[in-house]
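Chemist: Provided herewith is a single structure, encoded as structure tokens, for subsequent inquiry.
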């Protein structure tokens, strides 16, 4: 028999948006429930996305370092990848973090429900498991955080064996000899970088004219150059016109921007061409939640067309990033608790992080976007070859690029490709959050020798006064 319980707030979905929102709600003294269709909490990011992917990437980083260890006086003969152990370690990391999320929800007195949650009215969610309704969760406020899933492409049908999506590949039991990666966004370049360093011969194709198309154009060009330097076959401006599985391999026809077609055979194909929001079959539209196509419409405070219902994460327009969803959840709960944060959340100040090798990270406007908006743009670019710590690490490829405006030298964007770029974007994130100028960045003292000195050098470069280049 289904149970019924009343809450101050109910969160539908337990990804990095949902579970963070629920924890903050508990901290603010709200009686909180969270509903998750999977048997474990954490969502795609923890179980099929950010965390397992980065566990793979760390293994790839390690074997790459070992291969080049002789440069540093370390002799390590014949390193190889043991995928069984890679998978086991990935599973261990995910399990430990999932247990941590469960413990944090319990610590903050969040009531958990496992089952598919469907909006059943402006103040209730029906929870079903194995086809039977198990609970009705009633709440004064509801937060929709159902996330996204791999988008199926009819012409690139995945079978989980030869043609894979980003879920399938996380359980690949062996390193393939050859792989075609379709799509050079964050997911595509990360997996291309992983398996290239695991020993796979990788071909990376992108329908648009450059890799990581949302990044600054100079970063895209540098990433393609460095991928090719590592031995990857990169083909921007290329589409897949035919894909068939025969005798356990994928036979593919590729078409470049000039219309030239080439045929090739691959052991594995990864389809990494996008995700879609989980907004269908959840009762959203049926209960008055206004949507534009697949996404839920929200205002600056993440409120939907139904006053007591909010939406966050991959089901709304904005950056589909775990850290963005988490902060959206925090903002929402402060609104619900009547303790709103001083500033609304600016998507322009959310950093992007891509964990390929070399890493790519960015925040704010690209050079082209700044010019399109009418700014009188001043750009500074400082290469890692001028940084002592980068030379020590033997990772001198890449650069830090600062986009600023001429009148006040306010920082409009920071774009990094190179060692630890995803860590180095943090001071840039703080700078943009406080509307910092290039001058304030330049005069923030960085420890020596560190990679962070590259940020200060690039800031000095805005004034034409970089020291070490």
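Chemist: Where residues in segment 261-279 are at pLDDT 95 or above and not in a strand (DSSP E or B), which of them is farthest from the chain's Cα centre (by Cα)?
Modeler: Here the residue is 267.
Chemist: So is residue 153 at pLDDT below 95, crowded, with 16+ Cβ neighbours inside 10 Å and on the phi < 0 side of the Ramachandran plot or not?
Modeler: Yes: the conditions hold for residue 153.
Chemist: Moving on to the next point. Filtering segment 306-334 down to residues that are in contact with a strand residue (DSSP E or B) (Cβ under 6 Å, 6 or more places away or on another chain) and in contact (Cβ under 8 Å) with a residue 40 or more places away in the chain, which residue is farthest from residue 142 (Cα to Cα)?
Modeler: Of everything passing the filter in segment 306-334, 314 is farthest from residue 142 (Cα to Cα).
Chemist: Looking at segment 175-210, which of its residues are farther than 18 Å from residue 60 by Cβ and either free of Cβ contacts under 8 Å to residues at least 12 places away in the same chain or in a loop (DSSP other than H, G, I, E, B) (or both)?
Modeler: Residues satisfying the conditions are 183, 185, 207, 208, 209, 210.
Chemist: From 305, 346, 326, grab the single residue that is under 18 Å from the mean Cα position of the chain (by Cα), surrounded by fewer than 16 Cβ atoms within 10 Å (Cβ to Cβ) and within 30 Å of residue 30 (Cα to Cα).
Modeler: 346
Chemist: Checking residue 149 against (1) touching a helix residue (DSSP H, G or I) at 6+ places or on another chain (Cβ under 6 Å); (2) in a strand (DSSP E or B); (3) within 27 Å of residue 296 (Cα to Cα), which test does it fail?
Modeler: (1)
Chemist: Quick one: which residue in 257, 290 is surrounded by 12 or more Cβ atoms within 10 Å (Cβ to Cβ), at pLDDT 95 or above and in contact with a strand residue (DSSP E or B) (Cβ under 8 Å, 6 or more places away or on another chain)?
Modeler: None of the others qualify; the one that does is 290.
Chemist: How many residues, within segment 309-356, are part of a loop (DSSP other than H, G, I, E, B) and either closer than 27 Å to residue 402 by Cα or in contact with a helix residue (DSSP H, G or I) (Cβ under 7 Å, 6 or more places away or on another chain) (or both)?
Modeler: Count: 16.
Chemist: Restricting to segment 89-113, name every residue that is surrounded by fewer than 19 Cβ atoms within 10 Å (Cβ to Cβ) and touching a strand residue (DSSP E or B) at 6+ places or on another chain (Cβ under 6 Å).
Modeler: 111, 112
Chemist: Can I ask one more? Which numbered condition in (1) touching a helix residue (DSSP H, G or I) at 6+ places or on another chain (Cβ under 8 Å); (2) without any contact (Cβ under 8 Å) to a residue 60 or more places away in the chain; (3) at positive phi is the only one that residue 301 fails?
Modeler: (3)
Chemist: Quick check on this structure: which one of 381, 389 is in a helix (DSSP H, G or I), surrounded by fewer than 20 Cβ atoms within 10 Å (Cβ to Cβ), in contact (Cβ under 8 Å) with a residue 60 or more places away in the chain and not assigned by TED's automatic domain parsing to the domain that holds residue 299?
Modeler: The conditions single out 389.
Chemist: Sticking with this one: Being modelled with pLDDT of 95 or more and under 13 Å from residue 55 (Cβ atoms) is true for just one of 97, 119. Which residue is that?
Modeler: So the residue among 97, 119 that is modelled with pLDDT of 95 or more and under 13 Å from residue 55 (Cβ atoms) is 97.
Chemist: Another question, then. Assuming residue 418 fulfils every condition listed in (1) on the phi > 0 side of the Ramachandran plot; (2) under 23 Å from the mean Cα position of the chain (by Cα); (3) surrounded by fewer than 23 Cβ atoms within 10 Å (Cβ to Cβ) apart from one, which condition is it?
Modeler: If we test residue 418 against (1) on the phi > 0 side of the Ramachandran plot; (2) under 23 Å from the mean Cα position of the chain (by Cα); (3) surrounded by fewer than 23 Cβ atoms within 10 Å (Cβ to Cβ), just (3) comes out false.
Chemist: Which of the residues spanning segment 404-415 are closer than 22 Å to residue 355 by Cα and buried (at least 23 other Cβ atoms within 10 Å of the Cβ)?
Modeler: Across segment 404-415, the qualifying residues are 414, 415.
Chemist: Looking at 55, 10, 21, 60, which one is assigned to a helix (DSSP H, G or I), surrounded by 18 or more Cβ atoms within 10 Å (Cβ to Cβ) and touching a strand residue (DSSP E or B) at 6+ places or on another chain (Cβ under 8 Å)?
Modeler: So the residue among 55, 10, 21, 60 that is assigned to a helix (DSSP H, G or I), surrounded by 18 or more Cβ atoms within 10 Å (Cβ to Cβ) and touching a strand residue (DSSP E or B) at 6+ places or on another chain (Cβ under 8 Å) is 21.
Chemist: Which one of 223, 243 is part of a strand (DSSP E or B) and either closer than 24 Å to residue 354 by Cβ or at pLDDT 95 or above (or both)?
Modeler: 243
Chemist: Among the candidates 127, 143, which residue alone is within 24 Å of the chain's Cα centre (by Cα), within 17 Å of residue 282 (Cα to Cα) and surrounded by 16 or more Cβ atoms within 10 Å (Cβ to Cβ)?
Modeler: 143
Chemist: Mind listing just one residue for me: the one in segment 365-378 that is in a loop (DSSP other than H, G, I, E, B) and free of Cβ contacts under 8 Å to residues at least 60 places away in the same chain and, of those, surrounded by the most Cβ atoms within 10 Å (Cβ to Cβ)?
Modeler: So the residue we want is 365.
The values are calculated or read from the model by the stated rules, or taken from the named source; none is laboratory data. Everything quoted here is computed from the prediction, not taken from an experiment. With ideal geometry, Cβ positions are generated from the backbone for all residues, glycine too; neighbour counts draw on all protein chains shown.
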